Amino acid sequence: MQFKKTIKAAVIESFPLALAIATYGVSYGMLGVSANLKLIEIMLMSVFVFSGSVQLIVVAMLMAGSSISSILLTVLLLNLRNLLYGASLASGLSGAGKWRHLLAFGVSDEPFVLGQARFLKVGPDPLYYGVITLVFYVAWQAASFIGAILGNQLDPALWGLDLAFPMTFIALLMPSLRGKPILVTAFSAIVISAFMINYNPQNQLVVVIVGLIAPLIGVLCTGGEASV
Amino acid sequence: MYDTLGLILALFVLTYGTRWLGLAVFSNISLGSMSQKYFKLVPIAVMVSLIMKQLLSQQNGRVEVSLPVLFGGIVCALSMRVKSNFLLSLCLGIATGLIVRRLL
């Protein structure tokens, strides 16, 4: 019974984000075509990499004629946040045993956000994490394929699908904004992000740097007081 | 084709490698209380940063605030504060953003 409840909750809670992910997947598929990638190459990248930020940046860099070494360095830097995500998720995935190696494939932005919210609420829940990862994976593959087939026929902005991404994160963030450490971290993240984006809008490391520094300020300024 | 396959393989190694490393290494390390608090604050910082990247966009060579994201976000946040209904807040935020976009 609990098994079914967990799966149901995972599917319901991941669905809105899966729609947002699909929007980016369609964009990736379209960009892949523009970067002269074949359909099989576009799909292989989605199947094996399964990372929206990495894939979108790679096709953009391929289109710009960047070297393979610069692409790989950028991807390495972008992926540094996976270390933080993995570290933060580890306790929530305890009990997964050998499945942890497969669940590691789902360590990325959206599953991380949903997973953390779930772990804070009910404790470790590898099944929940597995299901949301599967939902996102299917959405990403389907959207990549559709994007590659459709080319440039669809305008996500016209339907507001592009707005689903920030609105989802705002809706997820609001219930957590309680307590001094969290508020200090959030405020620091706003200031650092705004400064970095204003200084260099093309900077792809904003999330990594903010993810490293803002929590540090939150802990140091408050001594990690109260419940985080 | 073969170059692209090599690139995809390298991307897989870099991406899965960092994902696995974070989980595998830290799941076997007992973190201190300050470290645990730090890592619990990471998602807040990441979410705020992802929102900021959507809010601030480059237009005509300048960084500008996206008004659809700003107003949609305010309505979404207020709705969450008042009703705590995720789906309703999401829909209200997107609808507000679309209206603002049409009015601009």
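The values are calculated or read from the model by the stated rules, or taken from the named source; none is laboratory data. Fair warning: this is a prediction, and the values are worked out from it, not measured in the lab. Ideal geometry is used to build each Cβ from the backbone, glycine not excepted, and the neighbour counts take in all protein chains shown.
Do we have any residue at all in the stretch A:98-106 that's within 12 Å of chain B (Cβ to nearest Cβ), out of contact with any strand residue (DSSP E or B) (no Cβ under 9 Å at 6 or more places or on another chain) and within 25 Å of A:Met61 (Cα to Cα)? Yes: one or more hits. The set of residues from the stretch A:182-199 being surrounded by 20 or more Cβ atoms within 10 Å (Cβ to Cβ) and touching a strand residue (DSSP E or B) at 6+ places or on another chain (Cβ under 9 Å) comprises A:Ser193, A:Ile197.
So that you can scan it fast, the table gives a plain yes or no per residue for (1) more than 7 Å from every other protein chain (Cβ to nearest Cβ); (2) buried (at least 17 other Cβ atoms within 10 Å of the Cβ):
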| position | (1), (2) |
| --- | --- |
| B:Ser35 | yes, no |
| B:Tyr38 | no, yes |
| B:Met52 | no, yes |
| B:Leu67 | yes, no |
| B:Gly73 | no, yes |
| B:Leu78 | yes, no |
| B:Lys83 | yes, no |
| B:Leu92 | yes, yes |
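Candidates A:Phe169, A:Phe119, A:Phe145: the one that is crowded, with 17+ Cβ neighbours inside 10 Å, of a type outside the set (Asp, Glu), under 14 Å from the mean Cα position of the chain (by Cα) and farther than 19 Å from B:Leu14 by Cα is A:Phe169.
When you look at A:Leu84, is it out of contact with any strand residue (DSSP E or B) (no Cβ under 9 Å at 6 or more places or on another chain) and facing chain B (nearest Cβ under 10 Å), yes or no? Yes: the conditions hold for A:Leu84. In the set A:Ala157, A:Ala171, A:Ala164, A:Ala117, only one residue is closer than 23 Å to B:Gly72 by Cα, at pLDDT below 90 and touching a Cys at 6+ places or on another chain (Cβ under 7 Å); that residue is A:Ala171. Considering the stretch A:214-228, and only residues there that are facing another protein chain (nearest Cβ under 8 Å) and either at pLDDT below 90 or more than 19 Å from the chain's Cα centre (by Cα) (or both), the residue that is nearest to A:Gly179 (Cα to Cα) turns out to be A:Val228.
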